[in-house]
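**Student:** Structure below; questions to follow.
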Amino acid sequence: VQLQASGGGLVQAGGSLSLSCATSGLTFSRYAMGWFRQAPGKEREFVAVIRWSGASTYYADSVKGRFTIFTNNAKNTVYLQMNSLKPDDTAVYYCAADSLPYGLGDNEDDYDYWGQGTQVTVSS
């Protein structure tokens, strides 16, 4: 199983970025796909999760209304569209796959596979 995250970069506050996570080696539609992030000096935190081929999504309060998670099942890829970015969104963003997608999806311990991370930097 491989998860390949991409799309990070440097953006000014108020701007937008779109992250992608291409997967291989798993039955994509059966997994919950999540995004987490880790800022310097902080613990990794939940951002968003999607399951059941997009029928269910859940977001951290800090990103609700600004970020959108969605999938392209034909490409086995999950995306994170990030709008109205703030300096506090600066972090390394990780995608992850959970083979038992029955919980809320916000616990990193539930995830089986992780991508390598992509850096997002938001300047003020």
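**Student:** Any residue that is over 24 Å from residue 9 (Cβ atoms), open to solvent by 50 Å² or more (accessible area, probe 1.4 Å) and at pLDDT 95 or above - is there at least one of those in segment 76-91?
**Tutor:** For segment 76-91, residues over 24 Å from residue 9 (Cβ atoms), open to solvent by 50 Å² or more (accessible area, probe 1.4 Å) and at pLDDT 95 or above: absent.
**Student:** Do the conditions hold for residue 29, that is, is it in contact with a helix residue (DSSP H, G or I) (Cβ under 6 Å, 6 or more places away or on another chain) and surrounded by fewer than 14 Cβ atoms within 10 Å (Cβ to Cβ)?
**Tutor:** Numbers: in contact with a helix residue (DSSP H, G or I) (Cβ under 6 Å, 6 or more places away or on another chain): yes; surrounded by fewer than 14 Cβ atoms within 10 Å (Cβ to Cβ): yes.
The answer is yes for residue 29.
**Student:** Considering each of 62, 99, 84, 56 in turn, give the residue that is of a type in the set (Ser, Thr, Tyr) and without any contact (Cβ under 8 Å) to a residue 12 or more places away in the chain.
**Tutor:** 56
**Student:** Ok, one more. Would you pick out the residues in segment 69-81 that are part of a strand (DSSP E or B) and either over 16 Å from residue 36 (Cβ atoms) or free of Cβ contacts under 8 Å to residues at least 12 places away in the same chain (or both)? Walk me through it before giving the result.
**Tutor:** The initial filter retains those residues of segment 69-81 that are part of a strand (DSSP E or B), namely 69-72, 77-81.
Residues satisfying the conditions are 70, 71, 72, 77, 81.
**Student:** Let me ask something additional. Given the options 12, 4, name the one that is at pLDDT 95 or above, closer than 12 Å to residue 120 by Cα and open to solvent by 40 Å² or more (accessible area, probe 1.4 Å).
**Tutor:** Answer to the selection: 12.
**Student:** Do we have residue 122 as in contact with a Gly (Cβ under 8 Å, 6 or more places away or on another chain), more than 15 Å from residue 5 (Cβ to Cβ) and not in a loop (DSSP other than H, G, I, E, B) here?
**Tutor:** Yes: the conditions hold for residue 122.
**Student:** Of all residues being open to solvent by 80 Å² or more (accessible area, probe 1.4 Å) and touching a residue at least 40 places away in the same chain (Cβ under 8 Å) in segment 102-124, which is nearest to residue 28 (Cα to Cα)? Just the residue, please.
**Tutor:** That would be 113.
**Student:** Does residue 85 meet the test of being part of a loop (DSSP other than H, G, I, E, B) and not charged (D, E, K, R)?
**Tutor:** So residue 85 passes the test.
**Student:** Another question, then. Looking at residue 46 and the list (1) of a type in the set (Phe, Trp, Tyr); (2) open to solvent by 30 Å² or more (accessible area, probe 1.4 Å); (3) at pLDDT 95 or above, which single condition is not satisfied?
**Tutor:** Residue 46 satisfies all of (1) of a type in the set (Phe, Trp, Tyr); (2) open to solvent by 30 Å² or more (accessible area, probe 1.4 Å); (3) at pLDDT 95 or above except (2).
**Student:** Right, another one. Limited to segment 5-32, what total is found for residues that are within 13 Å of residue 93 (Cβ to Cβ) and under 16 Å from the mean Cα position of the chain (by Cα)?
**Tutor:** Of the residues in segment 5-32, 10 are within 13 Å of residue 93 (Cβ to Cβ) and under 16 Å from the mean Cα position of the chain (by Cα).
The values are calculated or read from the model by the stated rules, or taken from the named source; none is laboratory data. No experiment lies behind these values; they were computed from the predicted model shown. When we count neighbours, we look across all protein chains shown, and the Cβ atoms used for this are built from the backbone with ideal geometry, even at glycine. Ligands, DNA and RNA are excluded from the accessible area calculation, which covers all protein heavy atoms including side chains. Shrake-Rupley method; radii C 1.70, N 1.55, O 1.52, S 1.80 Å.
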